[in-house]
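**Student:** Have a look at this one before I ask anything.
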Amino acid sequence: VTQLEERAEARSLLIELARNDELPTFLKTSIGVIIALIIRKDFPEHWCNAFDEIAFRLSKEIYFRVLDGISDEIVDTNDEKNTLIKDIIRGFSSFQGHVLSPPAPAQDTISGRMMELILEGILD
């Protein structure tokens with residue numbers, strides 16, 4: 001079993017665990033941070049649908065905790081990997097060859113889809 005396979009299994013277990021609404025707050029926060037760290041390590045090469053998966057498989061509360069973890073672990077730091085992830089989220093880059101492409105329409109970007117989900121959650 002490779003490290004990549006172990007992370008994929010851990011990711012699946014965490015996502016399944018995160019669906020439990022009865023978890024204590026500290027566990028929800030920890031799961032959110034761990035999922036954010038896995039996204040930082042595996043996105044986009046080994047978990048290209050990470051943002052769609054967390055958006056549709058996690059509760060709103062855990063989803064927001066993951067976004068908070070992403071803010072701390074990816075958005076607030078600058079290195080080559082984090083810059084690539086931020087560019088992809090913004091719609092400025094495609095993973096193929098790490099070459100910047102023209103920006104996608106806002107509604108087609110990861111950040112656009114995240115904002116739609118956030119607004120839906122606030123307005124519900």
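**Student:** Along the Cα-to-C-beta direction of residue 61, a point sits 7 Å from the Cα; which residues of the stretch 7-32 have their amide N less than 20 Å from that point?
**Tutor:** Of the residues in the stretch 7-32, 13-32 have backbone N under 20 Å from the label point off residue 61.
**Student:** For residue 81, go through the aspartates and glutamates and keep the ones whose alpha-carbon is under 20 Å away, minus same-chain ones fewer than eight residues off.
**Tutor:** Residue 81 reaches 42, 45, 52, 68, 72, 73.
**Student:** Residue 6 versus residue 76, label points 7 Å from Cα toward the beta carbon: distance in nm?
**Tutor:** 2.8 nm
**Student:** I need the phi-derived Karplus couplings for the stretch 110-117: 6.51 cos²θ - 1.76 cosθ + 1.60, θ = phi - 60°, integer Hz, Gly and Pro marked x.
**Tutor:** 4, 5, x, 5, 5, 4, 4, 5
**Student:** Rounded if a/c is under 1.5, else prolate if a/b is larger than b/c, else oblate: which is the stretch 26-76, with a ≥ b ≥ c the root eigenvalues of its Cα gyration tensor? List each step's numbers first, then the result.
**Tutor:** Values: a/c = 1.87, a/b = 1.22, b/c = 1.53.
The shape class here is oblate.
**Student:** Sticking with this one: Please list 3J(HN,Hα) in residue order for the stretch 74-90, calculated via the Karplus relation 6.51 cos²θ - 1.76 cosθ + 1.60 where θ = phi - 60°; whole Hz, with x for glycine and proline.
**Tutor:** In residue order, the calculated couplings are 10, 5, 7, 10, 10, 8, 4, 5, 5, 5, 4, 4, 4, 4, 5, 4, 6 Hz.
**Student:** Right, another one. With unit charges on the beta carbons (Lys and Arg positive, Asp and Glu negative) and the dipole taken about the Cα centre of the stretch 12-54, which residue among 13, 30, 51 sits farthest to the positive side?
**Tutor:** Value computed over the given set: 30.
Each reported figure results from applying straightforward, stated rules to the coordinates on display, with no laboratory input. This one's a predicted model, so the numbers in the text were calculated from it and none came from an experiment. So basically every Cβ, Gly included, is an ideal-geometry build from the backbone, and we count neighbours across all protein chains shown.
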